[in-house]
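First comes the structure, then the notes that go with it.
The values are calculated or read from the model by the stated rules, or taken from the named source; none is laboratory data. Just so we're clear, the structure is a prediction, and the values are computed from it rather than from any experiment. When we count neighbours, we look across all protein chains shown, and the Cβ atoms used for this are built from the backbone with ideal geometry, even at glycine. The protein model used for the area step is the full one, side chains on, heavy atoms only, and it has no ligands, DNA or RNA in it. Shrake-Rupley method; radii C 1.70, N 1.55, O 1.52, S 1.80 Å.
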Amino acid sequence: MRVTVSAPGKVILLGEHAVVYGEPAIALAIDRRTRVRARPSAASTTINGEPLSAHAHAYIRQAIQLLWKDEHGLSIETESTVPSAAGLGSSAALSVATVGALLALTDRFSEEECARSAYDVEFATQGRASPTDTSCASHGKAILIGPDGDRSALWRIRRGERSWTVQGIELPRLTLVVGSTGERGRTADQVAKVARFVDRSSFGRDVVRDIGRLVREGLEALRTEDLRRLGKVMDRDHALLTILGVSTPTIERMVAAARPASLGVKLTGAGGGGSVIALTERPADVVAAWKRMGHDAFIAEPAARGVAVEEKGDPT
Ligand code: MEV
């Protein structure tokens with residue numbers, strides 16, 4: 001039996017970091033995917049032909065420990081168009097696609113099970129984290145994740161004192177440009193940095209609550225298809241993320257360069273480097289502005305499909 005499972009990367013439209021503390025966030029799957037092909041093998045487990053390594057394959061190893069109880073090893077191959085350490089959910093896409101492959105091999109595949117197990121994998125590998133990236137890579141499209149879900153919720157995930165409800169949301173037509181700072185931001189470092197601020201200061205906690213309010217306003221702007229208002233909310237969210245200390249001089253330069261051609265522009269994901277997103281009616285101008293500065297940029301197709309079994313059967 002061999003399976004191929006793929007999962008998308010994501011951008012966080014609003015609410016990163018605050019979501020770790022139970023505030024809502026909105027995340028969109030993008031048309032960049034990680035693909036994992038897996039089959040049981042008589043030999044010991046290999047990843048892209050190399051022996052499984054705790055250091056190089058931390059997420060895959062964790063997924064195997066969690067889900068693979070078979071005496072056989074596994075032959076796993078991966079490929080990805082999600083840039084790594086760029087705030088675009090590459091580790092979540094890898095965790096979801098790997099978990100999806102292992103679940104498909106054992107006839108237990110479902111979107112929800114992928115979201116739950118991949119969050120366990122990310123949490124064990126990376127420490128303090130919310131299920132935003134893994135739920136987005138599992139469901140795809142657009143999700144609202146937060147404390148207060150309604151009956152249409154897809155799933156609820158608990159960890160310690162926190163619990164998050166994940167809902168699918170409708171998106172109006174919108175164009176996002178993603179620009180890469182070229183700096184690698186480690187999510188765990190940025191989450192720890194924000195935690196030091198938030199755990200020690202009531203001002204930090206106020207900023208987190210203010211981000212939560214902005215996400216609710218952004219949701220309203222999406223519902224009423226008011227992209228100008230949404231852009232303003234993104235700008236304000238970026239200002240609050242800067243106060244949390246996760247912006248960098250490069251991010252600030254990219255934000256300033258994109259602003260004249262954008263409805264709203266902000267860092268996306270953990271920050272400390274990574275990527276910047278612009279909501280714009282002039283995507284070519286934003287791409288050109290960032291490319292002139294030497295940064296990679298692309299127009300993202302939001303609302304990509306979630307985790308998908310692309311192939312399941314006996315290898316021919
Ligand atoms: C990272 O993509 C999003 C953060 O909010 C961390 C998390 O939610 O686990 C920064």
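Where the eigenvalues come from the Cα gyration tensor of the range 1-159, what are the semi-axes √(5λ) of the equivalent ellipsoid, largest first, in whole Å?
27, 15, 14
Compute the helix-to-body angle for 283-292: its Cα long axis versus the longest principal axis of the chain, expressed 0 to 90° and rounded to tens.
Its long axis makes an angle of about 90 degrees.
With equal scatterers on the alpha carbons only and no solvent term, can you work out the Debye log10 of I(q)/I(0) for the range 201-276 at 0.17, 0.19, 0.26 1/Å?
Ignoring solvent entirely, the Cα scatterers give -0.65, -0.80, -1.21.
Using the Karplus equation 6.51 cos²θ - 1.76 cosθ + 1.60 (θ = phi - 60°), what ³J(HN,Hα) coupling, rounded to whole Hz, does each residue of the range 264-281 give in order, writing x for Gly and Pro?
Those phi angles translate into x, 8, 7, 5, 9, x, 6, x, x, x, x, 10, 10, 10, 10, 8, 8, 9 Hz.
Taking the alpha-carbon centroid of each part, what is the distance from the range 151-188 to the range 134-149 in angstrom?
6
Using only Cα atoms, tell me the angle between helix 187-200 and the longest principal axis of the chain; keep it within 0 to 90° and round to the nearest 10.
Helix 187-200 sits roughly 50 degrees off the main axis of the chain.
Using a Gaussian network model of the chain whose springs link C-alpha atoms within less than 10 Å, name the residue from Gly264, Gly274, Gly49 with the highest mean-square fluctuation.
Comparing Gly264, Gly274, Gly49 in a Gaussian network model of the chain, the most mobile one is Gly49.
If amide H atoms are built 1.01 Å from N in the plane of the peptide, which residues on other chains or at least 5 residues away come under 5 Å of the amide H of Arg32?
Here Gly9 satisfy the definition.
Which residue, Arg184, Arg229, Arg173, tops the fluctuation ranking in a GNM of the chain built on C-alpha contacts under 10 Å?
Judging by the Gaussian network model, the answer is Arg173.
Extending each Cα 7 Å along its Cβ direction at Glu281 and Glu161, get the distance between those two points in nm, one decimal.
4.6
Within the accessible area of the chain, what % is carbon and sulfur when the probe is 1.4 Å and the other protein chains stay in place? Intermediate values should be presented prior to the final figure.
Details: 6290 of 13490 Å².
Of all accessible area on the chain, carbon and sulfur atoms account for 47 percent.
What does the accessible area per residue of the range 83-125 come to in Å², with a 1.4 Å probe and no ligands, DNA or RNA counted?
29
If you take every residue apart from Ala63 with its C-beta less than 11 Å away from the C-beta of Ala63, what net charge results, scoring Lys and Arg +1 and Asp and Glu -1?
Residues close to Ala63 contribute a combined charge of -1.
Which GluC sites (Glu not before Pro) in the range 111-177 pass both tests, a DSSP loop state and at most 15 other beta-carbon atoms within 10 Å?
Within the range 111-177, the qualifying GluC sites (Glu not before Pro) (loop, at most 15 other Cβ atoms within 10 Å) are Glu161, Glu170.
List the residues, sorted by chain then number, that are 5 or more residues from Glu281 or on another chain and whose placed amide H is less than 5 Å from its amide H.
So Glu281 has HN proximity to Leu263.
In whole Hz, what ³J(HN,Hα) sequence does the range 294-304 give by Karplus (6.51, -1.76, 1.60; θ = phi - 60°), x for Gly and Pro?
x, 9, 5, 8, 8, 7, 8, 8, x, 6, 5
For the chain, set up a Gaussian network in which alpha carbons nearer than 10 Å are linked by springs, and say which option among Gly306, Gly185, Gly245 fluctuates the most.
Result for the chain, Cα springs under 10 Å: Gly245 fluctuates most.
Averaged over all directions, how much area does the convex hull of the C-alpha atoms of the range 80-165 cover when projected, in nm²?
6.1
Would you please name the GluC sites (Glu not before Pro) within the range 233-316 that are DSSP coil residues with at most 16 other C-beta atoms within 10 Å of their C-beta?
The qualifying sites are Glu281.
Mean shadow of the range 73-217, computed from the convex hull of its alpha carbons, in nm²?
11.1
Reachable lysines from Lys69, Cα under 21 Å, same-chain residues fewer than 8 places away excluded?
The reachable lysines, counting only those whose Cα sits under 21 Å from Lys69, are Lys312.
Which three extents, in whole angstrom, do the alpha-carbon atoms of the range 230-316 cover along their principal axes, largest first?
The principal-axis extents, from largest down, are 53, 30, 26 Å.
Rounded to the nearest 10 degrees, what's the angle between the helix 90-105 long axis and the longest principal axis of the chain, both from Cα atoms, 0 to 90?
The two axes meet at around 30 degrees.
For the range 108-120, in order, what is each residue's ³J(HN,Hα) by Karplus, 6.51 cos²θ - 1.76 cosθ + 1.60 with θ = phi - 60°, in whole Hz (x at glycine and Pro)?
Coupling constants for the range 108-120: 10, 5, 8, 4, 5, 5, 4, 4, 5, 5, 5, 5, 4 Hz.
Counting each pair of different Cα atoms once, what's the Kirkwood radius of the chain in Å, rounded to one decimal?
On the way: mean 1/r = 0.0511 Å⁻¹.
19.6 Å is the Kirkwood radius here.
Hey, can you grab everything whose amide H is under 5 Å from the amide H of Ser41? Only 5+ residues off in sequence or another chain; H modelled, so Pro and N-termini drop out.
Here Gly73, Leu74, Ser75 satisfy the definition.
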